[in-house]
1. What's the carbon and sulfur percent of the range 88-199's accessible surface, probe 1.4 angstrom, rounded to a whole number?
2. Note down the accessible area of Val180, probe 1.4 Å, to the nearest 10 Å².
3. As a test of reading the structure, rank Arg160, Arg80 by solvent-accessible area (1.4 Å probe, protein chains only), most first.
4. Within 10 Å of each candidate Cβ there may be at most 12 other Cβ atoms; applying that plus a DSSP loop requirement, which chymotrypsin sites (Phe, Trp or Tyr not before Pro) in the range 289-364 survive?
5. Per residue of the chain, what 222 nm ellipticity follows from adding -39500 (n - 2.57) for every DSSP H run with n ≥ 4, rounded to the nearest 500?
6. For the chain, just run the numbers: alpha carbon Rg, then divide by 2.2 N^0.38 Å, N being how many residues it has.
7. If you wrap a convex hull around the Cα atoms of the range 226-299, how much volume per residue is inside, in Å³?
8. Probe of 1.4 angstrom, ligands and nucleic acids ignored: what's the accessible area per residue over the chain, in square angstrom?
Amino acid sequence: MMSQRKVGAALSYLNIIAKNLVTFLYTPFLLRFVGQANYGLFQMTNSVMVSLSLLSMGFSSAYVKFYITYKVEENYKQLRKLNALYLILFGCISVIALIIGTILVLNTGAIFGRSLTASEIQLTKYLMAIMVLDVAITFISSVFDSNITVNEQFIFQQSRQLMQTFLVPMICIPLVFMGVGVLSIEITQISVTTLFLILNINYCIRKLNMHFDFTNIDFSLLKDLGIFSFFIFLNQIVDLVNNNVPNFILGMFQGAKMVATFAIAVQVKNMFFMLSTSLSNVFVPRVNKLVNLEKGTDVLTDLMIKVGRIQMALLFFVLGGFIVVGKFFVQLWAGNENIEAYYLVIIMVLPSIIPLCQNVGIEIQRAMNKHIFRSIVYVIFAVVNIVITIVGSIYFGLIGASMGYVVTILCANGISMNWYYSKKMGLEIKRYWGETSKMLVPFVISTIPLILIQNNVSVNSISRFIVFGLIYSCIYIAIYLKFIMNDAEKRILMGFIKR
C-alpha cells in the first residue's frame, strides 16, 4: 500500500501537469472556435448542473469510513451488504437527478431569460440535457470509484484519469471542426464518463473482487450513514456556493462574457485545489485506519504537518510563479479581454492556501466523526457569501463577485476551523503552523524582488516570460533546499530521484 500511495501521488502530480498543459492549450482553442459567449454559456450551465452533485449528500465519504471499520473488524459479510446498499442508494439518486434535471431543462427560459437571447436559451437547453445524463451516469460510477479509493488502488485511479486528460480533447476537437460547436464539450464528457464507468466496474469486479449481497440488506444502516453524511452534505453545499454561485449570479446580472472571464480564473484556481487534494486524497484510507486503531492526536498532527508542509511548498511555488509571470500568461492564453482573470486568481488563491494545506485535518475530522461544527460554520458563511457575491457582482463586477469567497475562506477556514482543530480535537495547531509557515520564506524572497523589477522591465514577450520564470524557480528552490527542507522531505526527494 505504501507503494500505491507513493506511485499514486507521483502519478497524480503527473496528471496535474498533463491536465493543465492540455487545459492551457484546449481553453484558447474553445474560446476561439466556439466563441467567448458560447463558452460562457457552457460554464454558466455547468455551474447550475453541478448543483445536482449535491444529491450524493456526502455518502461517498461515509462509504470510506464504514468500509474501513468493517475491514478492520474483518466483517466481510457486512462489507458485501454495504456494497449492495450503496449500489441501490446511488441508483435511486441517479433517477432523482434525472427527474430534477429534466425540470431544470424545461425551465431554462425562466432561469436565464433575463440575460440571454432566445438562441442562447435554446443552446443552453441542449447543454443542460446532456449534462443531466452525464451526472446520472457519474452517480452510478461513484460507487465503484469509492471502492477503488478505499482499497488504495491509486495507480489504476490516477492512470485512468491521465487517460481521460488526453481523451477529452482528442474527441472534442474533431467534433468542433465538424461544426458541432459548444455541444462538443458535453458530448465528449458524457462519452468519457460512460467509458470509465465500464472500466471501473470491470476493475472492481475482476481485480478487487467487489461482491454484492442483496439478501437481507440492513437498511437501518442508512440511518447511521445519513447522520454521518448529512454534515458532509452541508459542506458540499458550501463548496457549491464558493465555486459555482458566482458564475450563476454573474450570468443573471452581467451576461455570458463576464462569466467566461470568471470561469477562466476559476480554472486556474482549481489547479491549486488539484495540487493540494491529489496528495491528501491518497492519505484518506490511512487517516481512517489510524483513527480506528485509536492512535493519539500527536500521530495525527505529525501526519497533518508532513502532508501540509509539502502541500504549502508546492502551492506557494506555483502561486509565486503565477504572480511573477501570470499576467503575460493570461494575455497570451485567454486574450486581453480576460486580463482581469489574473487578479481574480491571486485574490481567490491566497486565502485558499489556508484550507488547502489542511486537507488532512478535514479527513481527521470525518474519521473522528467531529465534522458537525465545520458544517454548521460553513453553512452560515455560505449565506454570507451569497449576499456579498450578489451585491459585489451588481456594483463591482468580477472583482466584487470574488469578495464573498474571500471572506468565507478567511473567517470559516482560517479562524473558525483552526480554533476547532486546537480546542476541540486536540491537534497541535501551534506546532502545525510553526512547521508549515516556514514555507512563506522562499515565497516572499523570490516573489517580491521580481515584482519590483517589473516596474522597469515588464514581462511582455515569451523570452522574458521564460527568463523571469527560470530566475524565480531557481531562487525559490535554492532557498527551500538550503534553509527550509527537513530530513523527512530530503528522504522523500532522494527516494524519488533514485526511482
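The values are calculated or read from the model by the stated rules, or taken from the named source; none is laboratory data. Small disclaimer: the values here were computed from a predicted structure and weren't measured. Glycine gets a Cβ as well: all are built from the backbone with ideal geometry, and neighbour counts include every protein chain shown. The accessibility values were calculated without ligands, DNA or RNA, using every heavy atom of the protein model including side chains. Shrake-Rupley method; radii C 1.70, N 1.55, O 1.52, S 1.80 Å.
1. 74
2. Surface accessible to solvent at Val180 totals approximately 50 Å².
3. In descending accessible area the options line up as Arg80, Arg160.
4. Within the range 289-364, no chymotrypsin sites (Phe, Trp or Tyr not before Pro) qualify (loop, at most 12 other Cβ atoms within 10 Å).
5. Values: 20 runs with 403 residues, N = 499.
Calculated mean residue ellipticity at 222 nm is -28000 deg cm²/dmol.
6. In units of the 2.2 N^0.38 Å rule of thumb, it is 0.98.
7. Numbers: hull volume 9.1 nm³, N = 74.
Per residue, the Cα convex hull of the range 226-299 comes to 123 Å³.
8. 43
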